[in-house]
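Structure first, commentary second.
Rule-based calculations on the coordinates, nothing more; no lab input. Treat the numbers as computed from the prediction; the structure is a model and nothing was measured. Positions of Cβ are generated from backbone atoms using ideal geometry, with glycine treated the same way; all protein chains shown enter the neighbour counts.
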Amino acid sequence: MNKGENNLLTTEEIRALPKVELHMHLDCCLSFDVVSKLRPSITKDTFKNEFIAPGKCKNLADFLKVIDTSIQLMQTENSLRLVTEDLFNQLQQDNIIYAEIRFAPLLHLEQGLSPENVVSIVEESMSEAVKETGVEARLILCTLRHFTEEQSMTTAKPVEDFPSKKIPGTGTHRPIA
Ligand SMILES: [Zn+2]
């Protein structure tokens, strides 16, 4: 393999290497492309300010603010499907061969979807995208630290309900902002 300057791999070479993503959040990965579909009037500058965390965040709240902007856009079947498809297009472009994607279903209920609807939409979109892109993937359902036990159990329930085995478990680590 050719080496770039200083014997480091070039960006293109890194992109071409097969890779795995073991920890990524669905709501942290929206591209400008998918946000433009959901908010057609958005400019690149606004996207950068509202959806991309600053290189150096002052605190965790600074980072979570941009995720909340994404979550607001992910409250319908159509938007959840588009965001999932968009993520797989990005994974394919980066030559990711396997990804574990996590998200918190209970953050997507603001426009009437139930937790079951949300998980089913994302699981189905993911399964279709796996077939289309060849990127293998699993879905981790996240609960949040400030959720009640009942909310956490609601989050975990679909792990048993979905026979596809594409949802192996649940996780958490997002602290209270
Ligand atoms: Zn994380």
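Pairs spanning more than 29 Å between alpha-carbon atoms, out of LYS19/LYS131; LYS44/LYS157; LYS58/LYS157; LYS48/LYS131: LYS44/LYS157; LYS58/LYS157; LYS48/LYS131. If R0 equals 41 Å, the separation of the Cβ atoms of LYS65 and SER114 corresponds to a calculated FRET efficiency of about 0.95.
For the chain, the normalised intensity computed at q = 0.13 Å⁻¹ comes to -0.71 (log10 of I(q)/I(0), Debye sum over alpha carbons, equal scatterers, no solvent).
For the chain, the longest principal axis of the alpha carbon atoms and the long axis of helix 77-93 meet at an angle near 30°. In this structure the amide hydrogen of GLY171, modeled in the peptide plane, comes within under 5 Å of the amide hydrogens of LEU141, CYS142, THR143, none closer than 5 places in sequence on its chain. Is the C-alpha gyration tensor of the stretch 18-85 telling us rounded, prolate or oblate? Criteria: a/c under 1.5 is rounded; beyond that, a/b larger than b/c is prolate, otherwise oblate. Note, shape of the stretch 18-85 comes out oblate. Relative to the longest principal axis of the Cα atoms of the chain, the long axis of helix 115-133 makes an angle of roughly 30 degrees. Peptides 69-75, 156-162, 132-138, 38-44 ordered by packing proxy, namely the average of other Cβ atoms within 10 Å per residue, highest first: 69-75, 132-138, 156-162, 38-44. Between LYS44 and LYS19, the distance separating the two model label sites (each 7 Å from Cα on the Cα→Cβ line) works out to 2.2 nm.
Our note on the geometry: Cα centres of the stretch 12-28 and the stretch 30-105, 15 Å apart. As I understand it, the value is the acute angle between the Cα axis of helix 60-73 and the longest principal axis of the Cα atoms of the chain; what does it come to in degrees, rounded to 10? It works out to around 70 degrees.
For the stretch 70-177, the relative contact order is 29 percent, taking Cα pairs closer than 8 Å that sit 6 or more residues apart in sequence and dividing their mean separation by the residue count. A cut-off of 5 Å between modelled amide H atoms, ignoring neighbours fewer than 5 places along the same chain, links LEU9 with GLY4.
In this structure, the amide hydrogen of ARG102, modeled 1.01 Å from its nitrogen in the peptide plane, lies closer than 5 angstrom to those of MET24, HIS25, LEU26, ILE140, counting only residues at least 5 positions away or on a different chain. Dividing the summed helix terms, -39500 (n - 2.57) for each DSSP H run of n ≥ 4, by the number of residues in the chain produces a 222 nm estimate of -14000 deg cm²/dmol to the nearest 500. Can you classify the stretch 36-119 as rounded, prolate or oblate using the Cα gyration tensor, where a ≥ b ≥ c are the square roots of its eigenvalues, rounded means a/c under 1.5, and otherwise it's prolate if a/b beats b/c and oblate if not? Since a/c stays below 1.5, the shape of the stretch 36-119 is classed as rounded. If the segment from ASN78 to SER127 were pulled out straight at 0.36 nm per residue, it would be longer than the present Cα-Cα gap by 16.1 nm.
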